[in-house]
Every structure is written in structure tokens, then in C-alpha cells.
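Novice: Have a look at this one.
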Amino acid sequence: MSGLFGIYGHPDAKGLIGRGMFALQHRGDDSAGIAISNGKKLIVHKGFGPVKLVLSKEKTKTFHGNMALGQVQDGFCGIEEIEPVYVSHLGQEIAIVFNGGFKNADVLRKSLWKKGTIFRTNSEAEIILHLLAQTREKDLSKALVKVLSRQVEGGYSLILMTQDKMIAVRDQAGIRPLCSGRLNESYVFASETSALKTIGATRIKKIIPGQIITVSQKGQENYAINSNHKAKLSHCIFELIYYSLPSSIFANEEVSVFQRRAGIKLAQESFIPPADLIMSTPDSANFNALGFSKQAGIPIDIGLIRNHATQPGEMLKDKFSITESVVRGKRIILVDDSFVQGFTMRTIIAMLRKAGAKEIHLRIASPPVIKSSCYCGVQFPSQKKLIASTKTAEEIREFIGADTLKFLSIGGLLSCVKCPNDFCIACFAGDHSIIP
Ligand code: SF4
């Protein structure tokens, strides 16, 4: 998963891109990269680790410009895979950041190879750049319409920049998020509304699925990937469950509202054992636990503390600490947002038992993930590592060491969103053919 940020037409583009990317750090902290333009030339800078390390004052002191784009990314890769991907073509320098994936990435790559294309990365961003070059179209917005309407299938958002122009695009099904706003006269784009609010942007709105927004000296111009065809919406429900900050708006609703509702629904669907307290797995399940606590009529307390200072690759048990005074001798209902492999939860439950918890009843505010290989930018582990694809609920309970275990049903999950038909649930339903 990754987070994108772009700013056009601001004298402090360098400072603001750093702040915007920092506000998206929860979407990935293994690497970060930016491109900045002074109107004549792009400078690209990238590195491993969180934003504050990669974009330190020391490392960026020679950068100047009034437009910039950047990406934070999860997943270990080589330095050339860190975005932006950058090329020079027909007198234009082009940098691109991309969040998502293509269903037909392999087909596109093979067909480009056959035409003699040399790739430097495995990224979809680079595929787009090669496809754009092949259109022979100098107007990048028009080239994007040709490429995205005819050749590419998938779920994505992207921001692209030349020396003097910025373009933001969201896929036709609205699978991945992207929004826009204004900072006085400047234009800003980000994966999440919360990042735009952080830098003080106003007039914040989602980019309509299938929309291409170009900003340049001419102002804003809008294009459609395909104006003749309205695709079925298919927002990634994982954006609500886990990826987006609770303060962000996704699919016309604040994420925290959905998460609280999912906690209430989970409590309605679950057997609720006699318990002393509700606890969340911080921070992503906090609102789920609040909803659960309200519905169950059992008080909520803070027994697990997340250490935000840990670095990527840190040991799991170093990421959490336990307030023993809260958990010792208690019957606990622990609420988490999602369940993929089970290792994190097994470690947490072992830590809680060691700290003296008497009973631990685990409740998960989404169904178990049973299908990997989401091609829309989420890197799930391989199918055999998804615990729910090989084990029964009782075997999972035994594996993680909980006293009882209950998941929110697919129907329950969908009852928590305003328009259930507008969401992708393929990794829960087990059928990736249902992603458009
Ligand atoms: S398969 Fe899952 S992770 Fe992928 S887009 Fe659909 S809901 Fe999101």
C-alpha cells in the first residue's frame, strides 16, 4: 500500500510535501520519494525509511521549487522501485507516483517487451510511462485518456508531474482513494482528506472515479478516462477497515463512523461473554472497540499501548506494551479490525496472558481474509499463509490462544456502509473475479 501527495503552485512546495507525506505515513513507512520542480527542471530524491529520515533538512537543503509530488510506500524493494519513477521524453521531464495495481500488468509488460521496451522496475508506474510514450501524443492529458481508457485494467490512483504541470487521476471504479483541495491559490492532491486538512487545505473533495485533473498555468482542466462509459463503483472496503485514518473521508463518509458502526454490529452478531472490560488493538481498532463497548454495555479501557517510535522490521513484541494494572486478573474482550495471518494476534494474546489476563475473548470487526493476490495494490501474504484459507475458526482460536473468537460476517460488514453495492469485498468473499 502507498500514499500519494502533490502540490502545485506554492513557494514552499518542499516544506508542504514533507508535511503532507508525513500525514500519510500510516500508509507506508518502508520508503519515501519526491520530485520537485522549479519550473525548468525536476529533482528526484528517494530513500528507505520514514519521511522524516528520507526528507531530512540536511538531505533536501538544495531543493527549491513551487510544485512537488511524493509517495510513501510499504514493502521492501530495491532503490529503483521507490517512486517517483522519472523519465525524460519529447523534451518533457515526467515523474509519476502510483497507488494500486493493474489486473493486466503482466500482459502489458510482455507486449511492451516484445516491442523492445527496457524496464528498470516492476512497477505499474513505469508501464504507464512506456504506454504514454507509445501514443506519440505530446499532450499528456490526452495521452493518459488513450492509455487508461483502452489499455489498462485495474484499481489505482496516480499523480504525474512535468516541469510545469501536474495531473491527478483516479480509476473508474474508485477502488483506490484520491482527493483534491486548495491552499489559497495552490492546488493540492492526496490519498486521504486528513493529509490535506493537516496542511490547512480548503475546498477538499474526492476526485470523482474516472476523472483526470490537470493543473497548469492555464488553471484546472478536467478530463474523463472514458466519458462514454460509467463503470460500476467498487471502493476497496479495506480503506475503511484499516488503511485510511479514522479522520479521513472515504466513499462519502468519515472512516471513524464506519469503524464505530462495525464495532456495534460485531457486538450484535457475537456471543458476548461475561467480561470486565473491552480493549482495542491500537490504533486501528480503537473506534471498533468504542462501538462494541457501547453496544455491549461493558466499559472500555486501555490495556495495550502501541509504540509509535518503532522502525520498520522491529520485533512485534517491541511494538506493543501492556498496562498490567488494567489487565491483571481481568476477563477481557479484545477487539481488532482485521485478521490476516494471526501471528500478531498470537503474540499479543501471549503478552496479555503473561501480564495476568484471566480470559481473552477475541472479536474481529471484519470477516477473515481468505483470498490473497488482490491486484489493486494490497500486498497480502500468499494464499497458504492466510490462516483462514486453511484453518477452521476453532483451529484459528487454538492457534492464537484465545478463549473464544468471533468475526463480523460479510453481511454484517456490508450493513455498515451506506451503499453496499459500491464496495469491493473480494478478499473476504474469495472471488477476485468480482473486482472490476
Ligand atoms: S480484494 Fe480486498 S484489498 Fe483488494 S480491492 Fe478488494 S477489498 Fe480491497
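Novice: Give the relative contact order (percent, whole number) for the chain; include only Cα pairs under 8 Å separated by 6+ residues.
Specialist: 13 percent
Novice: If you wrap a convex hull around the C-alpha atoms of the chain and split its volume per residue, what is the figure in Å³?
Specialist: Each residue corresponds to 138 Å³ of Cα convex hull volume.
Novice: Ranking request for peptides 166-173, 254-261, 205-212: highest mean number of other beta-carbon atoms within 10 Å first, then the rest in descending order.
Specialist: Result, highest mean first: 166-173, 254-261, 205-212.
Novice: If I take every Cα pair under 8 Å that is 6 or more residues apart in region 2-231, average their sequence separation and divide by the length, what percent do I get for the relative contact order?
Specialist: 21 percent
Novice: Which entries in Lys354/Lys385; Lys230/Lys418; Lys14/Lys197 show an alpha-carbon gap greater than 22 Å?
Specialist: Lys354/Lys385
Novice: Using a Förster radius of 22 Å, what is the FRET efficiency between Asn226 and Asp106 based on their Cβ-Cβ separation? Nearest 0.05, please.
Specialist: 0.45
Novice: What shape does region 11-158 have by the C-alpha gyration tensor, where a ≥ b ≥ c are the square roots of the eigenvalues, rounded means a/c under 1.5, and otherwise prolate means a/b greater than b/c and oblate the rest?
Specialist: Prolate is the answer for region 11-158, as a/c is 1.5 or above and a/b outweighs b/c.
Novice: On to the next question. Going by how many other Cβ atoms sit within 10 Å of their own, how do Leu112, Leu16 line up, fewest first?
Specialist: Ordered from fewest to most neighbouring Cβ atoms within 10 Å, Leu112, Leu16 come out as Leu112, Leu16.
Novice: Could you tell me the calculated FRET efficiency between Arg120 and Lys418, based on Cβ-Cβ distance and R0 = 30 angstrom, to the nearest 0.05?
Specialist: 0.10
Novice: In µm²/s, what is D for region 253-434 at 25 °C and 0.890 mPa s, where D = kT/(6 pi eta Rh) by Stokes-Einstein and Rh is the Kirkwood radius from Cα pairs?
Specialist: Answer, rounded: 146 µm²/s.
Novice: Cut-off 10 angstrom, C-alpha nodes, Gaussian network model of the chain. Which of Ser180, Ser56, Ser216 fluctuates the most?
Specialist: Maximum among the listed residues: Ser56.
Novice: Also, quick follow-up: For region 209-351, what is the relative contact order in percent, using Cα pairs closer than 8 Å and at least 6 residues apart in sequence?
Specialist: Relative contact order for region 209-351 comes out at 19 percent.
Novice: Right, another one. Where does the charge balance sit around Val85 when Lys and Arg score +1, Asp and Glu -1, over other residues with C-beta under 15 Å from its C-beta?
Specialist: -3
Novice: Given region 253-434, what percent of its DSSP beta bridges are antiparallel, to the nearest 5?
Specialist: Expressed as a percentage, antiparallel bridges in region 253-434 total about 15.
Novice: Where does the charge balance sit around Glu221 when Lys and Arg score +1, Asp and Glu -1, over other residues with C-beta under 11 Å from its C-beta?
Specialist: +2
Novice: What nm distance separates the two modelled labels at His89 and Ala429, each placed 7 Å from Cα along Cα→Cβ?
Specialist: 3.5 nm
Novice: Related question: Just want the ordering: His308, His45, His361, from fewest to most Cβ atoms lying within 10 Å of their own Cβ.
Specialist: Least crowded to most crowded, the residues run His308, His45, His361.
Novice: Hey, what does the equivalent ellipsoid look like for region 1-92, semi-axes from the Cα gyration tensor as sqrt of 5 times each eigenvalue, largest first, whole Å?
Specialist: Gyration-tensor ellipsoid for region 1-92: 20, 15, 11 Å.
Novice: Within region 161-191, what residues put their amide N at less than 18 Å from the label point 7 Å along the Cα-to-Cβ vector of Asn38?
Specialist: Correct set: 162-165.
Novice: Per 0.36 nm of contour for each residue apart, how much would the distance between Ser389 and Asp12 grow if the chain were fully extended, relative to their Cα-Cα spacing?
Specialist: Roughly 130.8 nm would be gained on extension.
Novice: Taking 35 Å as R0, compute the FRET efficiency from the Cβ-Cβ separation of Lys205 and His64 and round it to 0.05.
Specialist: Using R0 = 35 Å, I get an efficiency of 0.70.
Taken together, the values in this text are just the output of simple stated rules run on the coordinates, not laboratory data. The shown structure was predicted, so the numbers you read here are calculated from the model rather than taken from an experiment. With ideal geometry, Cβ positions are generated from the backbone for all residues, glycine too; neighbour counts draw on all protein chains shown.
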